[in-house]
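Reviewing the structure listed below.
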Amino acid sequence: MTDGTSIFDSIERDHRAMRLEFEAIEAASKAAVRRRERHYARLRAELKRHSEAEDEVLYPFLQRRRETAELMRGPSTKATA
């Protein structure tokens, strides 16, 4: 990452931020519709940005590493006898 943090630090920070948004949504009363909508909007934007960053940075990195490349390909599609 250009700010000196690793991709893993960034992912952890994102997960904490999203968890806080989920908690805020759960804590908001049913009557607090605008507050819940703001939290949903922030969460939706954060999830989109986070997902795009994982697709662009994390998953290609993991696919290039021998230790994780097989895991990234997923389960084998070969039929078992």
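The values are calculated or read from the model by the stated rules, or taken from the named source; none is laboratory data. A quick note: this is a predicted structure, and the numbers were derived from the prediction, not measured. Cβ sites come from the backbone with ideal geometry, for glycine too, and all protein chains shown count toward neighbours. Only protein heavy atoms, including side chains, enter the accessible area calculation; ligands, DNA and RNA are left aside. Shrake-Rupley method; radii C 1.70, N 1.55, O 1.52, S 1.80 Å.
Observations, loosely collected:
- Label separation (E56 vs A32): 3.3 nm, computed from points 7 Å beyond Cα along the C-beta direction.
- Each of [x] 1.52; [y] 1.21; [z] 1.06 is a candidate for Cα Rg over 2.2 N^0.38 Å; the one calculated from this structure is [x].
- Average accessible area per residue (Å²) across the chain - probe 1.4 Å, nucleic acids and ligands excluded: 84 Å²
- The charge dipole of the chain, taken about its Cα centre with unit charges on the Cβ of Lys, Arg, Asp and Glu (plus for the first two, minus for the last two), comes to roughly 340 debye.
- Estimated dipole of the range 4-47 in Debye, rounded to 20 [Cβ of Lys and Arg +1, of Asp and Glu -1, Cα centre]: 340 debye
- Theoretical ellipticity at 222 nm over the chain - DSSP helices of four or more residues, -39500 (n - 2.57) apiece, nearest 500: -22500 deg cm²/dmol
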